[in-house]
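Chemist: One structure follows; several queries about it will come next.
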Amino acid sequence: MTDILLRIAGKEDFHLDQAIGMTYILRLCWKYAWMMVRGKFFSFGQKHISHKIFVGKDVKAREKRYLSIGEKSRLQDGVYIDALSKNGIQIGSHVVIGRNTRIECTGGLQSIGKGIKIGDRTTFGNDCTFGAAGGIEIGCDVVAGQYIRFHSENHSYSDVNRLIREQGVTHEGIKIGNNCWIGAGAVFLDGAELGDGCVVGANSVVTKKFPSNVVIAGVPARIIKERGIGNE
C-alpha cells in the first residue's frame, strides 16, 4: 500500500524511515486519498488544471480561469488563491503550497496584477504570502520554508507635500532562480531578484538583485559567502 501511495504522489524513489509505524502510514493514506478526491472536484471543468492534483481541506480559489496547475502538485489545507491577473497563476508539476498560504495577484481594482509563475518541484512551507501585483517568477527545484512573504509592489513616497497613498506604486516584480533554498520568515520586496543556486538566511529581507550561487542574510540582505568556496 505504501509503495502504491508513493507512486501516486510521484515519489517512486522515496524511502520511508523504518521507525514510522503502520498506523501513521494508514492515516497518511487516508489523508491523501481524500486530497485526490478533492483534487478531482477542484479541477472539474478546468482545462488548465491537472486532474491529478492533491487538494487539502478548506482550499479556496477565485477566478480559476486564470489558474494553471501541473500534475502531482499539492495545495495543503487552508490555501487561498485569487488568480485574477494579466498573466494568471502558473503552478508547475510536483509543486507543494503549504498550509494557510495566501496567493493574491491583484491589490486594487484600478489595475489588475501581473501574476505568478512557479516552476516544477518547488515547495513552500505553511503560512506563506504571495502578493503578485507586480509579478512573481519562481524557478524549479526551489526549497522554501514557512512564513515567507513576497511583496511585488512598493509605494512611492518622495513628495512630502502629498499623501503617500496618493503617490502611486511601483511594479518591478520579483524573480527567484532555480535550485534556491529560502529560509523561514524571509521577505522579498519589489525588485528583488536571485540567480540560480542561492541560499537565503531565515528572516532576511531581500531588497535587490543577487547573482547565482551566493549565500545571503540580514536586514537588508547582503552576500555573506559564495557557495563552493571554502566550507559550506
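Chemist: What number comes out for accessible area per residue over the chain if the probe is 1.4 Å? Units Å², please.
Modeler: Values: 13090 Å² over 232 residues.
In whole numbers, the chain has 56 Å² accessible per residue.
Chemist: Separate question: Among rounded, prolate and oblate, which fits the range 15-146 when a ≥ b ≥ c are the square roots of the eigenvalues of its C-alpha gyration tensor, a/c under 1.5 means rounded, and a/b larger than b/c means prolate?
Modeler: On the way: a/c = 2.14, a/b = 1.72, b/c = 1.25.
Prolate, because a/c is 1.5 or more and a/b exceeds b/c.
Chemist: Rounded to the nearest 10 degrees, what's the angle between the helix 22-43 long axis and the longest principal axis of the chain, both from Cα atoms, 0 to 90?
Modeler: 60
Chemist: Give me the percent of DSSP beta bridges within the range 75-232 that run antiparallel, rounded to the nearest 5.
Modeler: For the range 75-232, the DSSP antiparallel bridge percentage is about 15.
Chemist: Taking a threshold of 22 Å on the Cα-Cα distance, which of the pairs LYS60/LYS86; LYS47/LYS175; LYS86/LYS208; LYS60/LYS208; LYS57/LYS117; LYS64/LYS114 fall above it?
Modeler: LYS47/LYS175; LYS86/LYS208; LYS60/LYS208; LYS57/LYS117
Chemist: On to the next question. Give me a comma-separated list of calculated 3J(HN,Hα) values for the range 112-126, in order, Karplus coefficients 6.51, -1.76, 1.60 applied at θ = phi - 60°, integers in Hz, x for any Gly or Pro.
Modeler: 6, x, 8, x, 9, 10, 10, x, 4, 6, 8, 10, 10, x, 6
Chemist: log₁₀ I(q)/I(0) of the range 96-232 at q = 0.19 Å⁻¹, via Debye over equal Cα point scatterers, no solvent, to two decimals?
Modeler: At q = 0.19 Å⁻¹ the computed log10 ratios are -1.06.
Chemist: For the chain, modelled as a GNM with alpha-carbon contacts under 10 angstrom, which of PHE44, PHE210, PHE150 fluctuates the most?
Modeler: Largest GNM mean-square fluctuation: PHE44.
Chemist: If packing is taken as the mean number of other Cβ atoms within 10 Å per residue, what is the order of 194-201, 18-25, 29-36, 79-86, highest first?
Modeler: My ranking of the peptides, most packed first, is 194-201, 79-86, 29-36, 18-25.
Chemist: Another question, if that's okay. Under 8 Å for C-alpha pairs, at least 6 residues apart: give me the relative contact order for the chain, rounded to a whole percent.
Modeler: Details: 638 pairs, mean separation 22.2, N = 232.
The value is 10 percent.
Chemist: Principal axis lengths of the chain from Cα atoms, whole Å, largest first?
Modeler: 66, 50, 24
Chemist: To continue, here is another question. Please work out the ratio of the alpha-carbon Rg of the range 91-138 to 2.2 N^0.38 Å and round it to two decimals.
Modeler: Values: Rg = 11.3 Å, N = 48, 2.2 N^0.38 = 9.6 Å.
Scaled against compact globular proteins, the figure is 1.18.
Chemist: Could you give the radius of gyration (one decimal) and Dmax (whole number) of the Cα atoms in the range 173-231, in Å?
Modeler: Gyration radius and largest Cα-Cα distance of the range 173-231: 10.2, 33 Å.
Chemist: For the chain, what % of the accessible area comes from carbon and sulfur atoms, probe 1.4 Å?
Modeler: Roughly 52 percent, rounded to a whole number.
Chemist: Do you know the relative contact order of the range 24-142, to the nearest whole percent, from alpha carbon pairs under 8 angstrom that are 6+ apart?
Modeler: Details: 320 pairs, mean separation 21.7, N = 119.
Result for the range 24-142 is 18 percent.
Chemist: To the nearest 20 debye, what charge dipole does the chain have about its Cα centre, counting +1 at the Cβ of each Lys and Arg and -1 at the Cβ of each Asp and Glu?
Modeler: Numbers: 30 positive and 23 negative charges, 133 e Å.
Here the size comes out at about 640 debye.
Chemist: What is the diffusion coefficient of the range 37-80 in µm²/s, taking the Kirkwood radius over Cα pairs and the Stokes-Einstein relation at 37 °C with a viscosity of 0.692 mPa s?
Modeler: Details: Rh = 10.2 Å.
Roughly 321 µm²/s, to the nearest whole number.
The values are calculated or read from the model by the stated rules, or taken from the named source; none is laboratory data. These numbers were taken from a predicted model, which means no experiment stands behind them. Every residue, glycine as well, gets a Cβ built from its backbone with ideal geometry; the counts of neighbours run over all protein chains shown. The protein model used for the area step is the full one, side chains on, heavy atoms only, and it has no ligands, DNA or RNA in it. Shrake-Rupley method; radii C 1.70, N 1.55, O 1.52, S 1.80 Å.
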